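The values are calculated or read from the model by the stated rules, or taken from the named source; none is laboratory data. Small disclaimer: the values here were computed from a predicted structure and weren't measured. Using ideal geometry, Cβ is built from the backbone for each residue, glycine included, and neighbour counts are taken over all protein chains shown.
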Amino acid sequence: MLGTDGKKVDWNNMPLPRMARGNALDAYFTMKCFDLLWSKVEKLQMEKTYEAILSPATNIFRDIELEGLIISNEILNDLRSKIYMDIVTTEEEIFNFESVDKNYNIDSTADLTKIIYSCDSKNNLLNTGLGLYPVKRSDKTNKPSTDVESLDTLLDMLEQEINRRGINA
């Protein structure tokens, strides 16, 4: 644990009143956080989920915190390679569409919007891209959303349409 000066705290030499005050403040703010989070759990009616899954999992998380987690570098590197190849393959497939500009940067949200929805940051229609309909728009900007939820929904819709038409990839 670090002190306010950024140095490690020497618990053995800390005066008891200072240690007690720090622990009391920690407990106080932990309870405040609990109250705030628990009210959200109740609002979402997820008490049973918390009790059945999250609460028992705290022991597992505690053990991981105290003992660490064994990770195989070999498996991790293998996964990294597979994921990288999946990304490269997917990018190649996207850029194989004639309507997708080869100069777009797929890591750019603005360019991804152009690729998927065929519109620019001002919602002007473009002649390039896949021309898909946005499932959700940003509340602030009204731009088509490229968040994970929107892209997952879009993917599900595309898979359903492919299955409906009987198109096999």
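For the reader, a short list of remarks on this structure follows.
- Among the residues of region 109-135, those that are assigned to a loop (DSSP other than H, G, I, E, B), more than 20 Å from Leu155 (Cβ to Cβ) and more than 25 Å from the chain's Cα centre (by Cα) comprise Lys122, Asn123, Asn124, Leu126, Asn127, Thr128.
- Selection within region 81-108: residues that are surrounded by 14 or more Cβ atoms within 10 Å (Cβ to Cβ) and assigned to a helix (DSSP H, G or I). The member of this set that is nearest to the chain's Cα centre (by Cα) is Ile94.
- Residue within region 138-147 that is exposed (fewer than 11 other Cβ atoms within 10 Å of the Cβ), among the basic types (Lys, Arg) and at pLDDT below 85 present: yes
- Region 34-43, residues that are exposed (fewer than 10 other Cβ atoms within 10 Å of the Cβ) and among the β-branched types (Val, Ile, Thr): none
- Residues of region 66-80 that are surrounded by 10 or more Cβ atoms within 10 Å (Cβ to Cβ) and either closer than 30 Å to Leu130 by Cβ or acidic (Asp, Glu) (or both): Asp78, Leu79, Arg80.
- Out of Met46, Met19, sole residue that is modelled with pLDDT under 90, surrounded by 10 or more Cβ atoms within 10 Å (Cβ to Cβ) and outside the structural domain of Ser150 (by TED's automatic domain parsing): Met19
- Residue count, region 54-80 (criterion: among the small types (Gly, Ala, Ser) and not in a helix (DSSP H, G or I)): 2
- Unmet requirement for Thr109, which otherwise passes all of (1) modelled with pLDDT under 90; (2) β-branched (Val, Ile, Thr); (3) in the same structural domain as Val41 (by TED's automatic domain parsing): (3)
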